[in-house]
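Notes follow once the structure below has been shown.
Derivation of every value follows stated rules applied to the coordinates shown; laboratory data play no part. Computed from a predicted model, the values in this text were never measured in an experiment. When we count neighbours, we look across all protein chains shown, and the Cβ atoms used for this are built from the backbone with ideal geometry, even at glycine.
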Amino acid sequence: MDLSSSCRTEAETTRKIKTVRAPNKAILRTRHIIPTIEDLVVDLNGAKYFSKLDMNQGYHQLELAPESRYITTFSTHRGLFRYKRLNFGMNCAAEIFDDVIRQTVIGIPGVVNKSDDIFVTGKTKDEHDSNLEKVLKRFMSKNLTLNF
């Protein structure tokens, strides 16, 4: 199953593009509700202090289950390879990623996420700082990293 195709850039160099059409057909999707901007606005209402955290390499921080990796096998001139981490082309990636992050921050007041952006709020500076510290500790315990 060759999942790659070639394309030429302006510099006339060839690069490989991996398509995930075949794996997407084999994936059994689980549906997770992704919050809309309106949902976030309601959750952030009343806050006076805000921080926005951005995850480092978003999807790639989530490891695929070993029994699922075979679906992502692709062929190159150097042989067969598979993804070990969640990649952007998977049809369920956004839902899975958003749900994992939502579950990670659940229970921490004043915290919501939209994809790889985590919003930390508080009505006072002390409340905000406390919420932020809780988020950072939770991310450390889950080995998730942020851009600084």
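A few points about this structure:
- Trypsin sites (Lys or Arg not before Pro) within the range 72-148: DSSP coil, no more than 10 neighbouring Cβ in 10 Å: Arg78
- Residue list for the range 45-74, given a label point 7 angstrom along the Cα-to-Cβ vector of Ser130 and an amide N cut-off under 15 Å: 48-49
- Placing dummy labels 7 Å off each Cα toward the beta-carbon, the span from Ser141 to Asn45 is 3.1 nm.
- Gyration tensor over alpha-carbon atoms, the range 78-123, equivalent ellipsoid semi-axes in Å: 31, 9, 9
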